[in-house]
1. Given the conditions (1) of a type in the set (A, V, I, L, M, F, W, C); (2) in a helix (DSSP H, G or I); (3) in contact with a helix residue (DSSP H, G or I) (Cβ under 6 Å, 6 or more places away or on another chain); (4) over 21 Å from residue 138 (Cα atoms), and given that residue 291 satisfies all but one, which numbered condition is not satisfied?
2. Name the single residue, out of those in segment 206-227 being touching a helix residue (DSSP H, G or I) at 6+ places or on another chain (Cβ under 8 Å) and crowded, with 20+ Cβ neighbours inside 10 Å, that is farthest from residue 126 (Cα to Cα).
3. Considering only residues of segment 377-422 that are of a type in the set (Gly, Ala, Ser) and more than 21 Å from residue 216 (Cβ to Cβ), which is surrounded by the most Cβ atoms within 10 Å (Cβ to Cβ)?
4. Within segment 327-369, take every residue that is among the hydrophobic types (A, V, I, L, M, F, W, C) and closer than 20 Å to residue 406 by Cα and give me the one that is surrounded by the most Cβ atoms within 10 Å (Cβ to Cβ).
5. Please indicate, with yes or no, whether at least one residue in segment 158-176 is of a type in the set (A, V, I, L, M) and over 14 Å from residue 189 (Cα atoms).
6. So residue 173 passes all but one of these: (1) charged (D, E, K, R); (2) crowded, with 22+ Cβ neighbours inside 10 Å; (3) under 20 Å from residue 417 (Cβ atoms). Which condition number does it fail?
7. Does segment 323-337 contain at least one residue that is assigned by the TED database to the domain that holds residue 299, at pLDDT 95 or above and in contact with a Gly (Cβ under 9 Å, 6 or more places away or on another chain)?
Amino acid sequence: MSNTLLRALRSSASTSSTAKVGRLPWGVSTIAGVRCMSIPAAGTSGLPDIDTSKLKVNKNTSPKTPPPAKDLKFGHTFTDHMLAIPWNVTTGWGAPQIQPYGPLALDPSSTVLHYAQTIFEGMKAYRHDDGKVTLFRPDMNMKRMNNSAQRIALPTFNGDALLSLIKELVRTDKHWIPREPGHSLYVRPTMIGTQKAIGVGPPSDALLFVICSPVGPYYPNGFKPVSLYGTTEYVRASPGGTGAYKLGVNYAPGILPQKAAASLGYAQNLWLHGPEHHLTEVGTMNMFVVFRKEDGAIELVTPPLDGMILPGVTRDSVLALAREHASGKNRLPNLPEKLVVSERPVTMKEVREASLSGKLVELFGAGTAAVISPVDKIGYLGQDVLIPTGADGMGPVSNPIWAELVGRQTGAIHSEWSVVVD
């Protein structure tokens with residue numbers, strides 16, 4: 001079944017579109033005409049949803065002083081407050097509370113500790129030069145978090161309500177957002193199963209919480225291209241699995257392959273799949289490859305959302321900007337005029353042959369933390385496949401797209417993607 005599905009997905013993905021997903025009764029989906037079981041949402045129908053009017057605020061009586069921006073290490077410093085919302089199978093979502101940041105009280109039998117019932121998101125709040133604070137496309141994070149919750153039978157929720165509460169949390173700790181260029185406040189919504197029982201099944205209790213961490217630029221001294229190890233010994237995701245969802249269970253298994261890649265001198269894994277070694281993701285980022293076509297056009301390629309690829313917010317943003325440029329709707333400065341945007345399968349054979357023939361323009365990862373991460377080589381089957389990079393470490397496609405994205409995130413470029421917090 002998995003091989004049939006994989007073939008159907010790849011054969012249906014053309015150079016300009018992704019496989020179509022249909023919905024059939026009784027929780028059955030169709031992808032490229034192949035029937036696949038989907039997971040129904042946890043039993044939240046008819047139960048109280050998140051109610052912002054019930055928010056309780058318990059201020060931290062011993063607030064900390066934010067450290068100097070130069071001392072920040074990604075994900076190691078946290079603000080004074082957190083948001084917590086409990087859920088119960090009979091009473092639904094409880095009263096939200098903004099409370100002092102601190103340890104959680106969990107029973108040793110909590111299902112999250114035994115069966116990895118946990119999902120999370122990653123988003124950023126930015127301080128503009130005029131003092132305005134914004135979030136970047138947070139609606140997409142809310143939708144993806146609900147999809148992840150549904151996939152592992154955690155409770156779903158009203159995304160607009162949670163976003164409203166996240167805004168209040170960011171407003172409460174907005175003085176933690178560094179004022180230095182390139183800095184931001186990383187926001188981490190998380191949900192865990194907290195049922196006090198050992199047994200595999202939908203939890204009777206859950207906890208949704210949000211924490212915040214001030215962070216600096218991913219590349220504080222300028223862009224430094226990374227090297228990748230084309231990983232064939234381990235598999236990140238497979239058809240019908242959970243690769244398209246932001247689950248905690250997807251990340252721990254990648255640590256050992258990451259250590260193995262590092263021992264060989266490579267920075268991250270390039271996850272390859274199947275006998276043809278299809279490219280899927282770069283470390284924990286989505287992946288883009290740029291080719292020069294026979295007619296001189298530049299083709300920006302990323303693997304289709306075939307059930308193994310995480311639908312990244314930055315991925316979607318890169319595609320949207322590139323397509324607007326290609327259509328003439330919104331031309332980006334310095335981006336190649338003749339640009340083709342494709343969501344299609346890519347194999348290492350195609351990448352290696354393009355590198356040898358001079359038709360490989362660049363390859364980069366895209367994600368919330370780094371925004372754009374350029375690549376200069378791939379270790380593959382005992383040899384290095386070399387990737388061109390520019391003088392600044394980036395390429396002719398990634399650089400102008402990165403500049404547009406960062407401009408929209410920081411307010412230098414007006415965009416409806418920036419949602420005002422304060």
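The values are calculated or read from the model by the stated rules, or taken from the named source; none is laboratory data. Keep in mind that this is a model prediction, so the values were computed, not measured. All Cβ positions, even for glycine, are placed from backbone atoms using ideal geometry, and neighbour counts span all protein chains on display. Each accessible area value is taken on the protein alone, full model and side chains, heavy atoms only, with ligands, DNA and RNA left out. Shrake-Rupley method; radii C 1.70, N 1.55, O 1.52, S 1.80 Å.
1. If we test residue 291 against (1) of a type in the set (A, V, I, L, M, F, W, C); (2) in a helix (DSSP H, G or I); (3) in contact with a helix residue (DSSP H, G or I) (Cβ under 6 Å, 6 or more places away or on another chain); (4) over 21 Å from residue 138 (Cα atoms), just (2) comes out false.
2. Taking segment 206-227 as the starting set, the residues that turn out to be touching a helix residue (DSSP H, G or I) at 6+ places or on another chain (Cβ under 8 Å) are 208, 210, 212, 214, 216.
In the following step, the residues that additionally are crowded, with 20+ Cβ neighbours inside 10 Å were identified as 208, 210, 212, 214.
Details: 208: 23, 210: 17, 212: 12, 214: 10 Å.
The residue in question is 208.
3. Taking segment 377-422 and keeping what is of a type in the set (Gly, Ala, Ser), we get 379, 382, 390-391, 393, 395, 398, 403, 407, 411-412, 415, 418.
Imposing the further condition that a residue be more than 21 Å from residue 216 (Cβ to Cβ) reduces the set to 379, 382, 390-391, 395, 415.
Values: 379: 18, 382: 5, 390: 14, 391: 5, 395: 25, 415: 17.
Taking the candidates together, the pick is 395.
4. Filtering segment 327-369 for residues among the hydrophobic types (A, V, I, L, M, F, W, C) gives 332, 335, 339-341, 346, 348, 351, 354, 356, 360-361, 363-364, 366, 369.
Retained after the next criterion (residues that are closer than 20 Å to residue 406 by Cα): 332, 335, 363-364, 366, 369.
Working: 332: 16, 335: 21, 363: 32, 364: 29, 366: 26, 369: 17.
Looking at the filtered set, the residue picked out is 363.
5. Initial filter on segment 158-176 (of a type in the set (A, V, I, L, M)): 161-163, 165-166, 169-170.
Now restrict to residues that are over 14 Å from residue 189 (Cα atoms): none.
Checked segment 158-176: no residue is of a type in the set (A, V, I, L, M) and over 14 Å from residue 189 (Cα atoms).
6. (3) is the only condition that residue 173 fails.
7. Within segment 323-337, not a single residue is assigned by the TED database to the domain that holds residue 299, at pLDDT 95 or above and in contact with a Gly (Cβ under 9 Å, 6 or more places away or on another chain).
Every residue, every condition in (1) part of a strand (DSSP E or B); (2) in contact with a Lys or Arg (Cβ under 7 Å, 6 or more places away or on another chain); (3) within 29 Å of residue 183 (Cα to Cα), yes or no:
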position: 224; (1), (2), (3): no, no, yes
position: 233; (1), (2), (3): no, no, no
position: 240; (1), (2), (3): no, no, no
position: 254; (1), (2), (3): no, yes, yes
position: 262; (1), (2), (3): no, no, yes
position: 266; (1), (2), (3): no, no, yes
position: 271; (1), (2), (3): yes, yes, no
position: 281; (1), (2), (3): yes, yes, yes
